[in-house]
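The values are calculated or read from the model by the stated rules, or taken from the named source; none is laboratory data. Bear in mind that the values here come from a model prediction, so they are computed numbers and not experimental data. Heads up, the Cβs are rebuilt from the backbone with ideal geometry, glycines too, and the neighbour counts pull from every protein chain shown. Protein only, heavy atoms only, side chains kept; ligands, DNA and RNA dropped before computing areas. Shrake-Rupley method; radii C 1.70, N 1.55, O 1.52, S 1.80 Å.
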Amino acid sequence: MNPPAPPGRLRDLTSLVGNTPLLSVDFEYDGKPRRLHAKAENFNLTGSIKDRMALHILARGYERGLLRPGAAIAEATSGNTGISLAAIGRALGHPVHIFMPDWMSQERKDLIHSLGARIRLVSREEGGFLACIRLSEEFSAATPGCFLPRQFSNEDNVDAHAETTGPEIWRQLQSLELQPGAFVAGVGTGGTIMGVGRYLRKARSAVRLHPLEPSNSPTLTTGYKVGKHRIQGISDEFIPDIVRLGELDGIVSVDDGDAILMARKLAAQLGLGVGISSGANFIGALMLQNKMGRDAVVVTVFPDDNKKYLSTDLMRDQPELPGFLSSRVELKGFSALRRSCRTCRPPSRRHVSPRR
Ligand code: PMP
């Protein structure tokens with residue numbers, strides 16, 4: 001049986017990506033009530049925010065005639081992009097080749113494999129992330145018709161968030177009769193912060209846009225990667241081409257231990273089983289709210305859930321170090337908004353509180 005033409009499949013896939021719920025998380029910080037907002041990106045097809053980018057880049061590739069039916073797709077990735085490209089690429093009938101650092105979680109490697117992609121692991125000695133990019137380019141040059149999404153330099157990555165994540169956040173906040181004061185997101189490729197930022201700034205010029213990175217292994221503040229960290233998916237090894245720090249506000253730095261403790265707390269106290277970068281984003285949003293005032297509307301994303309981190313430190317208790325914010329947070333509950341205003345009926349909001 002011939003596979004259906006990609007446009008039809010693209011339409012079907014579009015129904016499975018984006019339109020994620022906006023969570024409003026209620027908590028006390030030093031005993032005072034607070035609220036932060038986060039998009040639950042684990043609701044995407046493969047469970048991460050990267051589905052948005054993968055689908056958008058492949059769709060644009062078809063439109064421009066750069067991606068042809070059945071052609072190979074090759075990409076360097078620290079994991080979630082590999083999972084997204086494997087699933088969406090295979091759904092569209094493409095062989096997918098992923099080049100990934102070997103220190104990423106076993107779950108990432110197994111998932112990419114299970115989704116029918118070929119995976120080439122690259123060690124630190126071989127050159128780590130930068131070698132992944134080089135190898136993917138070499139593979140593409142040697143493979144006729146091969147399509148390279150090039151997530152770190154492809155403006156379609158930014159557009160994916162300017163056209164979906166950003167407008168969703170704006171409309172969902174409008175349903176709550178709110179406007180964003182600040183948006184913060186950990187930078188992997190930077191697609192999320194640049195794309196959401198572009199949309200929100202057009203809608204409200206005063207909004208503050210903050211990129212986030214691990215304090216114990218920065219890339220953005222130094223220009224090159226220093227040390228190691230445990231927040232998989234962000235702060236790879238260089239400042240990506242699509243990141244224009246001059247268009248953003250200050251860089252927010254979060255300790256990876258604090259990020260892990262916060263993600264563990266969201267899971268254990270509220271049942272929100274999020275990944276490590278979600279914990280980092282929550283702490284980053286809290287830092288901004290501390291500066292801007294406790295009623296400031298600060299928004300972030302929870303890029304994925306905790307299932308890809310079962311073999312990592314996310315499943316282990318961590319020392320609470322002085323200066324960590326997570327220990328001062330008492331989570332109280334959350335409300336979730338799936339759809340937005342205007343085109344929908346007034347949303348019904350349910351409030352979920354943990355049993356005490
Ligand atoms: N968190 C996780 C878990 C990710 O996989 C990624 C993407 N690498 C990010 C955050 C950062 O997203 P972006 O690439 O849009 O900056």
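Data table
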{"read-out": "Using alpha-carbon coordinates, inclination of helix 166-175 to the longest axis of the chain, degrees", "value": "30"}
{"read-out": "Partner lysines for LYS39 [C-alpha distance under 26 Å; skip if fewer than 8 residues away on the same chain]", "value": "LYS50, LYS109, LYS202, LYS265, LYS291, LYS307, LYS308, LYS332"}
{"read-out": "Chain lengthening between TYR29 and LEU130 when straightened (0.36 nm per residue, less Cα-Cα)", "value": "32.4 nm"}
{"read-out": "GluC sites (Glu not before Pro) restricted to the stretch 163-200 and DSSP loop, no more than 13 other C-beta within 10 Å", "value": "GLU177"}
{"read-out": "Neighbourhood charge, 12 Å Cβ-Cβ cut-off, centred on ASP305 and excluding it, Lys, Arg +1 and Asp, Glu -1", "value": "-1"}
{"read-out": "Probe 1.4 Å, accessible area per residue of the stretch 281-322, Å²", "value": "46"}
{"read-out": "Accessible area per residue, Å², the stretch 50-142 with all protein chains present, probe 1.4 Å", "value": "39"}
{"read-out": "Surface share of carbon and sulfur [accessible, 1.4 angstrom probe, percent] for the chain", "value": "50"}
{"read-out": "More than 28 Å apart - percent of Cα-Cα pairs taken over the chain", "value": "40"}
{"read-out": "Nitroxide proxy distance, nm - points 7 Å out along Cα→Cβ at LYS291 and ASP249", "value": "0.7"}
{"read-out": "Antiparallel DSSP beta bridges within the chain, as percent of all bridges there, nearest 5", "value": "45"}
{"read-out": "Cβ charges +1 (Lys, Arg) and -1 (Asp, Glu), total dipole of the chain, debye", "value": "1220"}
{"read-out": "GNM flexibility winner over the chain from VAL297, VAL196, VAL274 (Cα, springs under 10 Å)", "value": "VAL297"}
{"read-out": "Cβ crowding within 10 Å averaged over residues, with 120-129, 53-62 ranked highest first", "value": "53-62, 120-129"}
